[in-house]
Amino acid sequence: MNNLLRTKSLEIVETPPASLHDDLLSQIRDFIVEGHLEPGSRIPERELCEKFDVSRTPLREALKVLASEGLIELLPNRGARVRQFSEQDIRHLFELIAGLDALAGRAACERISDEDIAAIERMHLEMYTHYMRQELTDYFRLNQKIHQAIVDAAANPFLSSNYATANAMVRRLRYSANLLRRDRLSDAMREHEAMVDALRRRNGDELSKLMFDHMRGKCDAVCEYMREHQPSGRAADVSALRSEEG
């Protein structure tokens with residue numbers, strides 16, 4: 001029963017089950033990350049309610065979470081919009097992520113189990129299959145899972161929290177750069193191969209440097225994408241660019 005219960009002095013709002021909230025949050029996050037809304041554009045609440053078959057209340061709760069992640073901005077009495085970053089913002093964020101990745105790589109080599117290494121190797125092979133088939137959405141999904149698995153293996157909750165916050169803010173741009181800078185993918189695959197090999201050998205110093213350099217390269221690709229597709233400072237319409245490719 002998800003209705004509002006009223007008494008003379010008390011209102012009790014029964015919230016949807018956590019799984020429903022998480023599913024909606026994931027769907028809206030992916031919808032934005034995959035480029036269906038431009039950076040700087042308003043969040044069309046009515047259209048999203050219809051698309052995901054929800055009322056305004058759970059939608060707005062999900063938007064609050066996305067705002068806390070830095071993916072969107074809430075506007076006082078004016079709804080919300082997709083967050084737009086300058087190149088300096090991006091470089092500062094990737095500087096942080098590169099440092100966190102480097103720390104995670106070193107710590108993971110000290111703490112990861114053989115079973116978790118094997119799981120990451122399987123994800124790497126699956127990612128390579130998607131790369132060969134040019135299935136870029138699935139490639140990106142596995143790419144993110146591998147980085148997250150290494151962060152998880154570091155077993156440092158403060159590292160994990162800061163990584164999640166910073167990564168959520170640039171996830172959309174990383175996704176867009178992967179779609180539009182396909183020449184970068186072969187380099188990224190070679191870098192991932194070296195990272196998995198260093199993890200397998202538990203060489204923390206090597207993996208730390210590889211992950212740092214890998215993320216710095218990703219930053220350069222994202223910034224180049226921004227310069228090429230947002231020359232006037234206007235947000236790029238990724239969905240339109242994708243359709244032009246096809």
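This table checks each residue for (1) closer than 30 Å to Asp213 by Cα; (2) of a type in the set (Lys, Arg); (3) assigned to a helix (DSSP H, G or I).
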position	(1), (2), (3)
Thr57	no, no, yes
Gln84	yes, no, no
Leu93	yes, no, yes
Ala98	yes, no, yes
*Residue among Leu103, Leu74, Leu96, Leu63 that is open to solvent by 30 Å² or more (accessible area, probe 1.4 Å) and touching a strand residue (DSSP E or B) at 6+ places or on another chain (Cβ under 6 Å)*: Leu74
*asked:* Looking at Glu115, Glu126, can you tell me which residue is part of a helix (DSSP H, G or I), open to solvent by 10 Å² or more (accessible area, probe 1.4 Å) and within 21 Å of Asn203 (Cβ to Cβ)?
replied: Glu115
*Being within 21 Å of the chain's Cα centre (by Cα) and surrounded by fewer than 21 Cβ atoms within 10 Å (Cβ to Cβ) is the filter; apply it to segment 130-139 and report the residue that is nearest to Asp187 (Cα to Cα).*
Tyr131
*Residues within segment 188-216 that are open to solvent by 40 Å² or more (accessible area, probe 1.4 Å) and not in a loop (DSSP other than H, G, I, E, B), tallied*: 12
*Which of the residues belonging to segment 35-53 are open to solvent by 40 Å² or more (accessible area, probe 1.4 Å) and either under 13 Å from His21 (Cα atoms) or not in a loop (DSSP other than H, G, I, E, B) (or both)?*
Arg42, Arg46, Glu47, Glu50, Lys51, Asp53
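The values are calculated or read from the model by the stated rules, or taken from the named source; none is laboratory data. Only a predicted model underlies this, so the values are computations on that prediction, with no experimental measurement involved. Neighbour counts run over all protein chains shown; Cβ positions are idealised from the backbone, glycine included. Only protein heavy atoms, including side chains, enter the accessible area calculation; ligands, DNA and RNA are left aside. Shrake-Rupley method; radii C 1.70, N 1.55, O 1.52, S 1.80 Å.
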